[in-house]
Amino acid sequence: MSGKAEAAVDKVFVKEMLEAFGREALEAAIDTKWAGKHICYFKELDSTNARAKQEADNGAAEGTLVVTDMQTAGRGRRGRSWNSPAGVNLYFTLILKPVYQPDKAAMVTLVMALAVAEGISLTCGMEAEIKWPNDVVVNGKKVCGILTEMNVEHGQIQCVAVGVGVNVGLQEFPPEIADKAASLEAECGKPVSRAALAANILKAFEKYYESFLQELSLSCIRDKYNRRLVNRDREVRVLDPQGEFQGIARGINEFGELLVERDDGSVTMVFAGEVSVRGIYGYTV
Ligand code: BTN
């Protein structure tokens, strides 16, 4: 075979390796103690969050990972849907079965946001930032959304389902989000392995979640999170249903609330719930 033909074969081989996605590729890539050690893989699902909650009800252990190649009813935050075509993106939900009180679960989303940002940086070799509380952005555009849901009975958590959707290779976005969404491959200009990305995210999550469990606060990851905060020390508009206001974002506290400094020097602690934050000119800045 000529050198040129060999190079072409190599290229096809590398592309196939990178695109390999499914239970085997994930099992080979994931190197953790418990996060993602047991995998429920599906070619198609309505929503990995919905399925994860069913699996948890049926006895799935903590750390079980529900993954699919496409979703027909992917769920986003605030009742929105999540665009989930086949063959290009990453959609998974990690099942947790904690003993802490339900009011602590919102912090897990921020732990996952940091893990996703680190996983993207490591896998793609580019900077990934966080738009509070849990969008991961690259070059100012959203590449990942996280939706945490839980089942609670008699005040006790039955399961927490941490759902992650990453735009890996998607080329075209619906017009309403085209100016603020992006995919990793478009931003880094090279193919990205979904299995390697999932593995890097889970490795980081496992480490940070174990630290979170020790104090049930985000003090252990606060500095790392704040260093990646896209709006840090920038003017933001807080879209609070009780009344909008502007101020400078100073980072999160140990509970994941965003500290916003107002013109008069006072600092408001913004709790994620119904509130969202925008840059004053657009989605991030
Ligand atoms: C957002 O609106 O930003 C959150 C989007 C979360 C999407 C992911 S995809 C995997 C998991 N399953 C779902 O149905 N939603 C989450």
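The values are calculated or read from the model by the stated rules, or taken from the named source; none is laboratory data. Computed from a prediction, not measured in an experiment: that's the story for all the values here. We place every Cβ from the backbone using ideal geometry, glycine too, and count neighbours over all the protein chains shown.
Looking at the structure I just gave you, is residue 66 surrounded by 14 or more Cβ atoms within 10 Å (Cβ to Cβ) and either outside any loop (DSSP other than H, G, I, E, B) or in contact with a strand residue (DSSP E or B) (Cβ under 9 Å, 6 or more places away or on another chain) (or both)?
Answer is yes for this residue.
Test of understanding: among 35, 25, which residue is assigned to a loop (DSSP other than H, G, I, E, B), away from the ligand (no atom under 14 Å from the Cβ), modelled with pLDDT of 95 or more and buried (at least 20 other Cβ atoms within 10 Å of the Cβ)?
35
Restricting to the stretch 76-111, name every residue that is farther than 21 Å from residue 153 by Cβ, within 13 Å of the ligand (Cβ to nearest atom) and either touching a Phe, Trp or Tyr at 6+ places or on another chain (Cβ under 6 Å) or in a strand (DSSP E or B) (or both).
76, 81, 84, 90, 91, 92
Which of the residues that make up the stretch 142-167 are more than 19 Å from residue 50 (Cβ to Cβ), surrounded by fewer than 24 Cβ atoms within 10 Å (Cβ to Cβ) and within 13 Å of the ligand (Cβ to nearest atom)?
Once the filter is applied, which keeps residues that are more than 19 Å from residue 50 (Cβ to Cβ), surrounded by fewer than 24 Cβ atoms within 10 Å (Cβ to Cβ) and within 13 Å of the ligand (Cβ to nearest atom), the stretch 142-167 yields only 142.
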